Every structure is written in structure tokens, then in C-alpha cells.
Amino acid sequence: MIDEHICFIGLGGYSAFMSVDHFNAAGETVKAGSFFAEPGGKGYNQAVAAARLGAKCSFIGAFGRDEAGDMCIDFLKREGILPIAFYKDCPSAYACIITDSIGENRVTVYGGAGALLDGGDIYSAEEYIKNSSLVVLQNEVDPSANAAALEIAEKYGAKIVLNPAPAGGMDERIIKGAYVITPNEFEAKTLFGEDWEGGMRRAGVSRAVVTLGENGCAVFEDGKALRIPAVPVKAVDTTGAGDCFTAAMCVKLCEGQSLHSAAEYAVRASAAAVSKKYAVDGMPFASELP
């Protein structure tokens, strides 16, 4: 286990998975061939993946006072992750993930309590952030939570890793203040335009790793992007692949590796994740990676 601590801030809740032969058209009812439920959420998935890859992790999130919230917190503890939970007067977050026969998925999320994590909560958790080497943010919580996390991280010298997903409405201060951002290609184009490389230069982005699905990723540093090819693998379920990528990259950055080397490891980790079903359940352990 690496010595540096990674703090993940984001949404945690419960997820329901169903498999179908094809996605339904408008007005069409499709029967699911399987059903599975597990805890999840972008920041939550990332924390589990990083812990399984050898990192010391904490997760800051908000939950409802319900069975789903209790199960989410208990699962984190079993994975060796420190949960810092704030409770809200509404149900815990919930997601529905439908996967077709070729491994593509459609995701619908009810933010619930998870989306209500705010700046006040983050300031209350300052002691957990100040002792972290990396603080990992995404865009499924109230914007004030990320703003507070950036302020605290800068105060104590922790580096921000931003996974700008969903892509809409990101605070430019956080994009510029992040040590590295990890959008997928769609998110990069949403934030920076069709020419996302040029857009990132104009926006003052220092570093980024743009995930490109079956085409691997692009490491943007020093004003240019270098491509890393994907690991050939039969995709079973792509849910959580981006979360696994971000987490794996963070683990290697904490070990002192370069951004390029960390991204190469993240490509291998996400390939292992998509070869399994589901998100959290499919997150690989360090022993499974070459």
C-alpha cells in the first residue's frame, strides 16, 4: 500500500444494472435478461478502484438516512476506505444502468442526497483533505463543494485531480486550478470545443489526460498531446471504465510516476475493468494487472 493518501469527493448511492439485447426505441418495451444491484457513483467508484490498486483512501459524500445509504457506507468500510458521510433529508442517490449485447451502456442518475453535498460539508471535513496528497473531484455534487475543496487543497498544498463529468457547468477556476483533468473525448469537446487540444491551450489547462475509449487516451502536457494506445480486450461492460482510469492514474501519481507512465497504467486498469460486468464489482485489484 502506498503511503500517500487520496481523498475522493463525490456522489455515492446505489445502482441497478439490467442487460438487454438492444436499447429500446421510443415507445418500445424491452425485457431485461438480468438484474444486479451494487453501490456506486463516480467518486465512489473511483475510491473503490484506488483502494483495490493499493492506495489509502477516504471518500467524502452525502447520503439519505435510508438502507441504501447504510449499505454504501458499510461497503466502503469493507473495502478499507474511510467514509466521511453527511446526511440529507432526502433519499440516497440511485442510478439505473442498462447494457446492451455489445457492452455499451445507457445511464440515468437520480442525484438525491448525493448531489446535495455542498461547500459547508467540505469545510467541515477540512482535516481529511489537508492530510491528502491528491484530492479527486468530479461534477456530480453541488458546485460549492468543489470550490471549497479547491480552496482547502490550495491552502495545504494538495493537488487537485478533476474528472469533469458530467461536463456541463464546470467552474473555470477549478479547471485551471487542477493539477490534471481527466475528461473523456465527449467531455473534452463539450468543455473546450471540437479542437479540444487548442481549446485547452487557450483555457490555460496545464495537464490533461483525455480518455478515448477503444483508442486509448491522449496525454496533454507542455502544450502537446501524446497518444497511448488501448489494450485490446473484449468489452463486457464499459460502466465505470472512466472512473477506474482516473483512480488508477492517481495511484501511480502518488507513487511518483510521470503523468505519461501513470496514464499507461490507467489504460491497463480500465481494460481490466471493462472485461468484467458492472462497475464497482468489476474494479480490478493490483494483482490482476501486468
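Please identify the trypsin sites (Lys or Arg not before Pro) of the stretch 170-247 that satisfy two criteria: DSSP loop assignment and at most 16 other Cβ atoms within 10 Å. Which are they? Walk me through the numbers before you get to the answer.
Working: sites: 173, 176, 189, 201, 202, 207, 224, 227, 234; in loops: 234.
Hits after loop and neighbour filter: 234.
Determine the equivalent ellipsoid of the chain by diagonalising the alpha-carbon gyration tensor, then write out the semi-axes as square roots of 5 times the eigenvalues, largest first, rounded to whole Å. Each step should come with its number before you reach the end.
Details: eigenvalues 133, 113, 70 Å².
Ellipsoid semi-axes (Å, largest first): 26, 24, 19.
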Exercise. If the cut-off is a Cα-Cα distance under 29 Å, which lysines reach residue 176, setting aside same-chain residues fewer than 8 apart in sequence?
Worked result: 42, 56, 130, 155, 159, 189, 224, 252
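Rounded to the nearest 0.05, what FRET efficiency do residue 194 and residue 89 give with R0 = 35 Å and r taken as the Cβ-Cβ distance? Could you check?
Numbers: r = 43 Å, r/R0 = 1.22.
After rounding, the FRET efficiency stands at 0.25.
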Exercise. Near the amide H of residue 117, under 5 Å away, which other amide H atoms are found, from residues 5 or more places off or on another chain, if H is placed in the peptide plane?
Worked result: 62, 142
For this session: Could you tell me what percent of the DSSP beta bridges with both partners in the chain are antiparallel, to the nearest 5?
Result: 45
Problem set entry | Inter-label distance for residue 108 and residue 289, nm, one decimal - labels placed 7 Å from Cα along Cα-to-Cβ | 3.4
Exercise. Put a dot 7 Å past each Cα toward the Cβ at residue 186 and residue 224; how far apart are the dots in nm?
Worked result: 3.1
Problem set entry | Distance in nm between pseudo-label sites at residue 215 and residue 255 (7 Å out along the Cβ direction from Cα) | 2.9
Problem set entry | Dipole magnitude (debye, nearest 20) for the stretch 64-173, charges at Cβ of Lys, Arg, Asp, Glu | 240
Exercise. Using unit Cβ charges (K, R positive; D, E negative) and no other charged atoms, how large, in debye to the nearest 20, is the dipole of the stretch 182-290 about its Cα centre?
Worked result: 80
Exercise. Fully extended, how many nm does the chain gain between residue 16 and residue 207 (0.36 nm per residue separation, minus their Cα-Cα distance)?
Worked result: 65.3 nm
Exercise. Among 146, 105, 24, whose mean-square fluctuation peaks in a Gaussian network model of the chain (Cα, cutoff 10 Å)?
Worked result: 24
For this session: Would you mind telling me which residue in 193, 80, 33 has the biggest mean-square fluctuation in a Gaussian network model of the chain, where springs connect alpha carbons within a distance under 10 angstrom?
Result: 33
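Express in nm, to one decimal, how much length is gained between residue 32 and residue 123 on full extension, taking 0.36 nm for each residue of separation and deducting their alpha carbon distance. The partial results should precede the final answer.
On the way: separation 91, 0.36 × 91 = 32.76 nm, distance 4.31 nm.
Here the segment from residue 32 to residue 123 would lengthen by 28.4 nm.
FYI, it's all coordinate maths here, none of it is from the lab. Small disclaimer: the values here were computed from a predicted structure and weren't measured. Cβ sites come from the backbone with ideal geometry, for glycine too, and all protein chains shown count toward neighbours.
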